[in-house]
Structure formats: structure tokens, C-alpha cells
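One structure is given here, and the rest of the page talks about it.
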Amino acid sequence: MLHSEMRSPSLRYSFGPFELSPGSGELWKSGLQLKLAPQPFQLLTLLVEKSGTLVTREELRAALWADGTVVEFDQGLNYCIREIRLVLGDDAREPVYIETVPKRGYRFIAPVVVQNPEEVVRSEEHTSELQSRGL
């Protein structure tokens, strides 16, 4: 299970024309909301949060399937990756978003911008306060 309870509900990730909002479970492309099942969404969130880093198959298994869950792991993981690539329009042979590292795992390779509107607002309020004090 991902640690969504530790995330700010307003935290968002942008990459290419996409915006991912883990707190609300939403994925947007150019202002249009896309459909992605919960497990592929969790996997995409994990990859985006660890952008540029290899996420091993073992990490994915632990994050997506609780201990004791009986599942055909390879089939389940392949399904999730296939669904994500379909929604993102990504190609395994020439990836823009998700790179496959054979026998090891996956890496999110697109540049990611982290946005947290709550922090931006607090930062702007703090800057305004300092400016009003002449600092």
C-alpha cells in the first residue's frame, strides 16, 4: 500500500501534458480527466514519485500486493504497466514515460514537476508579509 495518507491532498505531479493528483486519485491530460483503475493508478503514482529511479519488481510487489495476497504477480504487473502505457500513449520500444529494465523493474523517465498549491500559497503569504515589513 502506498503512503497516500502521508501526502498532502493538494500535491500534484506534472509530466508532459499530464497532471497526476495522488490525493484525489485523478489523472488529467490537457484538462481532460482520464480513467485509470486503482492498481495501475497506484503503480503510476509510485513510479512518478520515484522519477528517475529504478523501482524494482520486489518494491512493486510490496507496494501493490499486501503480504498473503495470492496473485499471479507477473501477469498482474504486466496488466498494470500495459494499462498505464495505454492511457499515457507510451510505447515500450520507444518509451517517453516508463522505461522497462528487463528482469529488474521500471523507471519513470519523463521530467516531473511537483506542485503543492498549499505550499505555494503559504510561500506567497510569507513573501507578502516580509515585503509589508520592508524586509
Is it the case that GLY31 is surrounded by 16 or more Cβ atoms within 10 Å (Cβ to Cβ) and either at pLDDT below 95 or at positive phi (or both)?
-> no
Scan segment 34-54 for residues that are open to solvent by less than 50 Å² (accessible area, probe 1.4 Å) and closer than 11 Å to LEU77 by Cβ and jot them down.
-> PRO40, LEU43
Just checking, how many residues over segment 12-28 are at positive phi and open to solvent by 60 Å² or more (accessible area, probe 1.4 Å)?
-> 1
Going through segment 90-109 one residue at a time, which ones are closer than 13 Å to PHE15 by Cα and surrounded by fewer than 18 Cβ atoms within 10 Å (Cβ to Cβ)?
-> VAL96, ILE109
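The values are calculated or read from the model by the stated rules, or taken from the named source; none is laboratory data. Since the model is a prediction, treat every value here as computed from it, not as a measurement. With ideal geometry, Cβ positions are generated from the backbone for all residues, glycine too; neighbour counts draw on all protein chains shown. Each accessible area value is taken on the protein alone, full model and side chains, heavy atoms only, with ligands, DNA and RNA left out. Shrake-Rupley method; radii C 1.70, N 1.55, O 1.52, S 1.80 Å.
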